[in-house]
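Peer 1: Sending over a structure as structure tokens; questions will come in a sec.
None of the figures in this text is laboratory data; all of them are computed from the coordinates on show. Fair warning: this is a prediction, and the values are worked out from it, not measured in the lab. When we count neighbours, we look across all protein chains shown, and the Cβ atoms used for this are built from the backbone with ideal geometry, even at glycine.
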């Protein structure tokens, strides 16, 4: 499965590089990816926080074992939301570093 994921990543990068516009399209594709990520992640963060609260509240109704498991699930969802926020903060710098073109401006 891991090999398939790496193969898929390399294939998608190759398609992006050898598209109609050559390497000029890569900057546009990366900018589009960044904009889509920035528009999607706040929704995901909001939903994760809401669901974490619901799981925590629902877990308090049941016994000790289910309560502790619900606490773990809620904590994992909150940590996932924090990681999503970190992705939004780090993404523009990471893309600029990966593209390695000082003149490239990403619309992030």
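Peer 1: If each of residue 9 and residue 39 carries a label point 7 Å out from its Cα toward its Cβ, how far apart are those two points in nm?
Peer 2: 2.6
Peer 1: Relative to the present Cα-Cα distance, how much length would full extension add between residue 88 and residue 65 at 0.36 nm per residue of separation?
Peer 2: 4.7 nm
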